[in-house]
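A short worksheet on the structure shown next.
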Amino acid sequence: MTGPARALADAEPLVDRVLARYRERTVAELLRHIPEQSPPYLYDLAGDYPVRPCKGLRGALCLATCEAFGGRPERALNPAVTVEMFHNAFLIHDDIQDGSELRRGLPTLSAAYGVEVALNVGNATNLLGLRRLMANRRELGGELAWRLFEETELMCRQSLEGQAMEIAWIRDNACDLVPADYYRMCLKKTSWYTFLYPCRAGLLVAEGAHTAATRLDRFGWYLGAAFQIQDDVLNLVGTLADYGKEIAGDLWEGKRTLLLIHLLERCTPAERARTERYLEGTRAQRGPNAAEEVRWLSERLTAYGCVESARAAADGLVAAAEREIAEVMEAAPAPAEPSDGAAEAREFLLALPGFVVTRGR
């Protein structure tokens with residue numbers, strides 16, 4: 001057993017255990033702050049996505065970073081809830097924009113209740129995240145609360161810009177993209193709110209408002225790009241039971257994944273013309289032959305080795321992330337008063353890259 005398979009065998013039990021422990025704490029705290037009284041179809045649905053089967057990665061990364069660098073994880077619980085609130089709001093809005101039918105193995109809020117309800121619930125979930133940011137002033141002090149607010153504003157701005165890039169590519173039928181364009185989108189859309197922001201928030205809580213919260217940025221960027229590539233691969237070759245979302249949904253939606261960019265670089269002129277014609281318009285406008293075209297595209301992606309090349313790119317990013325986190329951890333001083341879980345939190349951060357590219361969901 002070598003490479004990613006061995007990395008998974010070593011990382012999976014530890015990562016699963018730590019994710020489960022942190023997720024339980026984060027979700028319990030998140031649900032505690034959702035108002036019990038609500039107009040119909042509002043706060044009563046804000047807890048829907050968080051309680052569905054999921055990893056809880058972002059909140060866990062915030063808590064683990066805090067604990068690994070000498071902080072008390074209970075002080076980072078509110079920032080962990082904040083990132084999970086914003087994450088779930090992003091998911092609700094993404095499902096509306098993409099016309100997605102499944103999320104974590106169940107109908108999306110927009111599929112189950114309609115776009116109007118889902119849009120309002122997504123906005124309400126953002127509001128609840130904002131309220132958790134406000135609570136930081138009382139629980140962590142004004143200076144640290146303001147730093148966390150600045151980090152949140154930066155994360156939201158980067159994420160929205162990344163989403164705008166992806167929407168524009170679909171809307172304008174961009175077919176001349178190169179891998180560098182895709183990586184730039186990943187940095188903004190995925191790396192910032194999935195890895196950079198949780199790590200920065202955890203470091204700030206652990207070390208205080210004046211700390212340099214950027215030293216895990218390269219780790220987060222590499223890991224975010226690898227995470228997104230793996231998600232794109234799973235969308236094509238995963239199983240519905242494991243993946244929890246529509247298989248080949250990216251092709252139905254015309255998303256410019258690294259796999260699709262590789263296909264457009266490698267296919268024949270006739271195949272490229274057919275692909276460009278398919279990518280015109282929205283999912284709803286594709287017509288009765290869309291399913292056949294999706295099957296054809298899936299076959300072309302396989303024939304040209306696009307899955308293998310995407311996986312190779314993700315493996316390279318994981319190797320870079322592993323080197324980066326090892327260097328940061330080696331340079332970090334031992335916590336003066338480590339918590340009971342500090343050692344495990346450090347092991348979790350070191351093991352996370354090997355988990356990211358071999359997960360099934």
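Summary of the geometry: the stretch 21-93 and the stretch 172-192, compared by the centres of their Cα atoms, lie 28 Å apart. Evaluated with a Cβ-only charge set (Lys, Arg +1; Asp, Glu -1), the stretch 122-261 carries a dipole of roughly 440 debye about its Cα centre, given to the nearest 20. Using C-alpha pairs under 8 Å with a sequence gap of at least 6, the mean separation divided by the residue count of the chain gives a relative contact order of 24 percent. Ordering Leu260, Leu106, Val121 by the projection of their Cα atoms onto the charge dipole of the chain, which places +1 on the Cβ of Lys and Arg and -1 on the Cβ of Asp and Glu, puts Val121 at the extreme positive end.
A simple spin-label model places pseudo-atoms 7 Å from Cα toward Cβ; at Leu119 and Glu330 they are separated by 5.3 nm. Backbone amide hydrogens, once placed in the peptide plane, bring Leu102 within less than 5 Å of Thr108, Glu246, excluding anything fewer than 5 places away on its chain.
Residues considered: Arg103, Arg323, Arg58. Largest GNM mean-square fluctuation over the chain, using C-alpha springs under 10 Å, is found at Arg323.
Computed about the Cα centre, the dipole magnitude for the stretch 23-96 is approximately 300 debye when only Lys and Arg (+1) and Asp and Glu (-1) carry charge, each at its Cβ. Ranked by the mean number of other Cβ atoms within 10 Å of their residues, highest first, the peptides 205-216, 85-96 come out as 85-96, 205-216. Rounded if a/c is under 1.5, else prolate if a/b is larger than b/c, else oblate: which is the stretch 131-200, with a ≥ b ≥ c the root eigenvalues of its Cα gyration tensor? Here the stretch 131-200 falls in the prolate category. Rounded to 0.05, the FRET efficiency of the Leu127 and Asp242 pair, given R0 = 41 Å and the Cβ-Cβ distance, is 0.80.
How charged is the neighbourhood of Ala310? Take every other residue with its Cβ under 11 Å from the Cβ of Ala310, and add Lys/Arg as +1 and Asp/Glu as -1. Taking every other residue near Ala310 into account, the sum is -3. Working note: Karplus 6.51/-1.76/1.60 with θ = phi - 60° gives the stretch 107-124 the couplings x, 4, 4, 5, 6, 7, 10, x, 4, 4, 5, 4, 4, 5, 5, x, 5, 5 Hz, where Gly and Pro are set to x.
Over the chain, accessible surface divided per residue gives 43 Å², non-protein components excluded, 1.4 Å probe. For the pair Ala180 and Asp217, a Förster radius of 22 Å applied to the C-beta separation gives a FRET efficiency near 0.75, rounded to the nearest 0.05. Which angle between 0 and 90 degrees, to the nearest 10, do you get for helix 269-279 versus the longest principal axis of the chain when only C-alpha atoms count? With rounding to tens, the tilt is 60 degrees.
Rg/Rh for the stretch 36-131 (Cα atoms only, Rh after Kirkwood) is 1.03. Using only side-chain charges placed at the Cβ, +1 for Lys and Arg and -1 for Asp and Glu, the dipole size of the stretch 114-158 relative to its Cα centre rounds to 120 debye.
Report the residue, chosen from Asp176, Asp217, Asp44, that carries the largest GNM mean-square fluctuation when the chain is represented by alpha-carbon nodes joined by springs under 10 Å. In the Gaussian network model the winner is Asp176. Here the extension length gained between Ile167 and Glu276 equals 37.6 nm, from 0.36 nm per residue of separation less the Cα-Cα distance.
Heavy atoms only, probe 1.4 Å: what % of the accessible area of the stretch 110-202 goes to carbon and sulfur, would you let me know?
It is 57 percent, rounded to a whole number.
Between the C-alpha center of the stretch 291-361 and that of the stretch 101-166 there is a gap of 24 Å. Expressed as a whole percent, the accessible surface of the stretch 217-340 that belongs to carbon and sulfur atoms is 51, based on a 1.4 Å probe. At an R0 of 25 angstrom, the distance between the Cβ atoms of Gln37 and Glu143 translates into a FRET efficiency of 0.15. Using a probe of 1.4 Å on the protein chains alone, the accessible area found for Lys245 is around 50 Å².
Just subtract the alpha-carbon distance of Ala28 and Glu265 from 0.36 nm times their residue separation and send over the number in nm, one decimal.
On the way: separation 237, 0.36 × 237 = 85.32 nm, distance 4.71 nm.
Extending this stretch completely gives an extra 80.6 nm.
The values are calculated or read from the model by the stated rules, or taken from the named source; none is laboratory data. Worth saying up front: this structure is predicted, and the values here are computed from it rather than measured. FYI the Cβ positions are ideal-geometry reconstructions off the backbone, even for glycines, and counts take in every protein chain you see. Just so you know, the surface numbers come from the protein's heavy atoms only, side chains and all, with ligands and any DNA or RNA stripped out. Shrake-Rupley method; radii C 1.70, N 1.55, O 1.52, S 1.80 Å.
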